[in-house]
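Below you'll find the structure, written out as structure tokens, and then a few comments.
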Amino acid sequence: MTPLPDAKRAARAEALAVRARAHDGGIGAARRAAGHALEALGGTAGPGRTIAAYLAIRSEIDAMPLMLTLAGLGAQVALPVIPGRGQPLAFRAWRPGAAMADGPFGTSVPRDGAEVEPDVLIVPMLAFDARCHRLGYGGGFYDRTIAGLRARGPVLALGLAYAAQQLPLLPVEATDMQLDAVATEAGVIRPE
């Protein structure tokens, strides 16, 4: 039997290759995924909602079409800030045209955005399975963040990915947080 860390390492290597190939779908796939993400949000994406998304790095599906649509609907959009290793993410308010600063891991963060707490998280990933478990880069930032937010109240965790990123059963640890759904260019996947 393969130890769980080794199984996750192998799954990450496979997932990176799969996602890189899927990334050829580019902005068209991202726009279709944004439409399905709005469907998954069920019309609750307007004023009064704080929705945290992300700026894509590497071959992640681009969340910008979704972010622009959410901002246009009047939602408060936020981006993650990594305060330090082993900590949950913080979030700063973002708007189109906001001044940005360099963040860790090749990310950018709003320079002057107020710190906010989201009630919806749009989550990037390397892979997901039919149970809506996700495989990240291994830092645990989103898992800690989702667990902390859910401990304080309801929060919707919606993955955003290419359909090709769905893999068979992923290795899961007790600290891995299940997503409520995953939106792809092909539709919305909800846990089986």
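The values are calculated or read from the model by the stated rules, or taken from the named source; none is laboratory data. Computed from a predicted structure; not experimentally measured. Positions of Cβ are backbone-derived with ideal geometry, glycine not excepted, and every protein chain shown enters the neighbour counts.
Against the condition within 16 Å of Leu158 (Cβ to Cβ) and either among the acidic types (Asp, Glu) or surrounded by 17 or more Cβ atoms within 10 Å (Cβ to Cβ) (or both), how does Ala53 come out, does it pass? Answer is yes for this residue. Before we move on, is Arg12 over 29 Å from Thr175 (Cβ atoms), outside any loop (DSSP other than H, G, I, E, B), of a type outside the set (Ser, Thr, Tyr) and touching a residue at least 60 places away in the same chain (Cβ under 8 Å)? The answer is no for Arg12. Count of region 130-144 residues, restricted to those that are surrounded by 16 or more Cβ atoms within 10 Å (Cβ to Cβ) and aliphatic (A, V, I, L, M), is 1. Which of the residues belonging to region 36-49 are surrounded by 15 or more Cβ atoms within 10 Å (Cβ to Cβ), of a type outside the set (A, V, I, L, M) and within 17 Å of Ile189 (Cβ to Cβ)? Once the filter is applied, which keeps residues that are surrounded by 15 or more Cβ atoms within 10 Å (Cβ to Cβ), of a type outside the set (A, V, I, L, M) and within 17 Å of Ile189 (Cβ to Cβ), region 36-49 yields only His36. Of the strands (runs of 3 or more DSSP E) lying entirely inside region 83-147, those containing at least 1 residues that are within 24 Å of His23 (Cα to Cα) and modelled with pLDDT of 95 or more are 120-123. For Thr69, the criteria (1) in contact with a helix residue (DSSP H, G or I) (Cβ under 8 Å, 6 or more places away or on another chain); (2) closer than 11 Å to Ala52 by Cβ; (3) not in a loop (DSSP other than H, G, I, E, B) hold in every case but one, which is (2).
Answer yes or no as to whether Ile61 is touching a helix residue (DSSP H, G or I) at 6+ places or on another chain (Cβ under 6 Å), aliphatic (A, V, I, L, M), closer than 21 Å to Arg111 by Cα and at pLDDT 85 or above. Please lay out each step first, then the result.
Values: touching a helix residue (DSSP H, G or I) at 6+ places or on another chain (Cβ under 6 Å): yes; aliphatic (A, V, I, L, M): yes; closer than 21 Å to Arg111 by Cα: no; at pLDDT 85 or above: yes.
In short, no.
Just one of the listed residues (Ala127, Ala147, Ala98, Ala93) is over 17 Å from the mean Cα position of the chain (by Cα) and either small (Gly, Ala, Ser) or surrounded by 15 or more Cβ atoms within 10 Å (Cβ to Cβ) (or both), and it is Ala98. Once region 150-176 is narrowed to residues that are crowded, with 18+ Cβ neighbours inside 10 Å and either among the polar types (S, T, N, Q) or without any contact (Cβ under 8 Å) to a residue 40 or more places away in the chain (or both), the residue that is nearest to Glu117 (Cα to Cα) is Val155. Taking the criterion of being more than 29 Å from Asp24 (Cβ to Cβ), of a type in the set (Gly, Ala, Ser) and either touching a Pro at 6+ places or on another chain (Cβ under 7 Å) or surrounded by 14 or more Cβ atoms within 10 Å (Cβ to Cβ) (or both), would at least one residue in region 77-87 satisfy it? Yes, that holds for at least one residue.
If I filter region 149-157 for residues that are assigned to a loop (DSSP other than H, G, I, E, B), aliphatic (A, V, I, L, M) and over 25 Å from Ala13 (Cα atoms), do I get at least one hit? Full working, then the answer.
The initial filter retains those residues of region 149-157 that are assigned to a loop (DSSP other than H, G, I, E, B), namely 153-155.
Then keep just the ones that are aliphatic (A, V, I, L, M); that gives 155.
Filter once more, so that each one left must be over 25 Å from Ala13 (Cα atoms): 155.
Yes, some residue in region 149-157 is assigned to a loop (DSSP other than H, G, I, E, B), aliphatic (A, V, I, L, M) and over 25 Å from Ala13 (Cα atoms).
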